[in-house]
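First up is the structure itself, then whatever we jot down about it.
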Amino acid sequence: MFSRWTCPASKAIFGVLADHAPMVTTLRPGILTVHSAGGAQKIVVLGGFAEVSSSGLTVLADLAEAAESIDRSVIATRIGELESRIAKTEPGSELDRLIARLDHYKAVDRHLTGTAMH
């Protein structure tokens, strides 16, 4: 049976169903959800790439771990590193990129603590 997925791509969250058009995209930190007959499995990904093909979805991630198993200190460390970098970065596109990345990590953290905004 073909599963369906929800992926945190760099520009938006997208869904993948059977017969999805082939594509490759970058992933941002977020929650990848695999929906199957057995229910939904949530996987934390911290960036990487996703390829959609006729055989399904392939993910090459910097980190991919089941949401219930993730070491939250990894997320907290990355948030702290980003906040430190933001404090030292001049206004411009690099600062904007860092702020967006921090927002993604904070969203993952909210999801893991059960305080995600819907």
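Below is a table of values for the structure above.
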| quantity | calculated |
| --- | --- |
| Matching residues in the stretch 1-37 - criterion: being outside any strand (DSSP E or B), of a type outside the set (A, V, I, L, M, F, W, C) and either at pLDDT 90 or above or on the phi < 0 side of the Ramachandran plot (or both) | S3, S10, K11, H20, P22 |
| Looking only at the stretch 11-54, and only at residues there that are without any contact (Cβ under 8 Å) to a residue 24 or more places away in the chain and surrounded by 15 or more Cβ atoms within 10 Å (Cβ to Cβ), the one that is farthest from I70 (Cα to Cα) | F14 |
| Test: residue in the stretch 67-86 that is among the small types (G, A, S) and at positive phi | no |
| Subset of the stretch 55-73 [touching a residue at least 24 places away in the same chain (Cβ under 8 Å) and surrounded by 12 or more Cβ atoms within 10 Å (Cβ to Cβ)] | G56, L57, V59, A61, A64, A67, I70, R72 |
| Spans of strands (runs of 3 or more DSSP E) in the stretch 38-111 with at least 3 residues touching a Leu at 6+ places or on another chain (Cβ under 7 Å) and not β-branched (V, I, T) | 39-53 |
| Residue count, the stretch 76-118 (criterion: farther than 18 Å from K11 by Cβ and touching a residue at least 60 places away in the same chain (Cβ under 8 Å)) | 2 |
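The values are calculated or read from the model by the stated rules, or taken from the named source; none is laboratory data. Everything numeric here is computed off the predicted structure, so don't read it as measured data. In this analysis, Cβ positions are derived from the backbone assuming ideal geometry, glycine residues included, and neighbour counts consider all displayed protein chains.
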